[in-house]
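Asks: Shown below is the structure under consideration.
The values are calculated or read from the model by the stated rules, or taken from the named source; none is laboratory data. Every value quoted in this text rests on a predicted model; they were computed, and no experiment measured them. With ideal geometry, Cβ positions are generated from the backbone for all residues, glycine too; neighbour counts draw on all protein chains shown. Heavy atoms of the whole protein, side chains included, go into the accessibility calculation; ligands, DNA and RNA do not. Shrake-Rupley method; radii C 1.70, N 1.55, O 1.52, S 1.80 Å.
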Amino acid sequence: MPDVDAVICPYGGGGLISGVSSAVKSLRPNASVYACEVETAAPLKLSLDLGKPSSFNYTASFVDGMGGKSVLDSMWPLVSNLVDDSLVVTLQEVTDAVKLIAERNHVIAEGAGAATVAAALSENFSNRLSGNIVCVISGGNIDTNKLIQALQGHIPK
């Protein structure tokens, strides 16, 4: 999409978003690149807000492909300069996005991949997201029982 305005990418360790952001910003300097994290594992948002790599009170969830306890010191210089902000979504929003993507697009996405769609659809970010938005949906490694729970509208345990 040559006229992209914003890209939302899941944040795990920083490698994927650093590469995506480098490419996007070299081709479209005015485009925004947002990390996406889940409320139970959002060390990047905390670190960006504090201006330094910081530890987060991590809680394990079905969204196990993103976030963690802290931002890697080696990744901080890259992500802090390449990422415009981090959008933090709830477990329920991710659950709803897993279901939506499966039902409407016939794509099975793990929680980390679906979280970007959750962020794009969230009213919490409507003041920041407009125009042409790209959601990076990476990963389909979701446990079958957790997928079934999500399809039933329940936050997977």
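Asks: Among (1) in contact with a strand residue (DSSP E or B) (Cβ under 9 Å, 6 or more places away or on another chain); (2) at pLDDT below 95; (3) open to solvent by less than 50 Å² (accessible area, probe 1.4 Å); (4) not β-branched (Val, Ile, Thr), which single condition is Met1 missing?
Replies: Of the numbered conditions (1) in contact with a strand residue (DSSP E or B) (Cβ under 9 Å, 6 or more places away or on another chain); (2) at pLDDT below 95; (3) open to solvent by less than 50 Å² (accessible area, probe 1.4 Å); (4) not β-branched (Val, Ile, Thr), the odd one out for Met1 is (3).
Asks: Tell me yes or no: at least one residue of the stretch 93-114 is open to solvent by 20 Å² or more (accessible area, probe 1.4 Å), under 22 Å from Asp5 (Cβ atoms) and in contact (Cβ under 8 Å) with a residue 40 or more places away in the chain.
Replies: Checked against the condition, which is being open to solvent by 20 Å² or more (accessible area, probe 1.4 Å), under 22 Å from Asp5 (Cβ atoms) and in contact (Cβ under 8 Å) with a residue 40 or more places away in the chain, the stretch 93-114 yields no hits at all.
Asks: Right, next: From the list Gly68, Gly51, pick out the single residue that is touching a residue at least 40 places away in the same chain (Cβ under 8 Å) and on the phi > 0 side of the Ramachandran plot.
Replies: Going through Gly68, Gly51 in turn, the sole match is Gly68.
Asks: Another question, then. Identify the single condition in (1) part of a helix (DSSP H, G or I); (2) in contact with an Asp or Glu (Cβ under 9 Å, 6 or more places away or on another chain); (3) not hydrophobic (A, V, I, L, M, F, W, C) that Asp64 does not satisfy, given that it satisfies every other one.
Replies: (1)
Asks: Let me ask you something else. May I ask you to list pairs of residues, at least six apart or on different chains, whose Cβ atoms are under 6 Å apart, with the first in the stretch 22-43 being free of Cβ contacts under 8 Å to residues at least 24 places away in the same chain and the second being surrounded by fewer than 24 Cβ atoms within 10 Å (Cβ to Cβ)?
Replies: As it stands, the answer is Val24/Ala31, since those pairs meet every condition given.
Asks: Select, from Gly19, Gly13, the only residue that is farther than 10 Å from Val83 by Cβ and either open to solvent by less than 10 Å² (accessible area, probe 1.4 Å) or at pLDDT 95 or above (or both).
Replies: It is Gly19.
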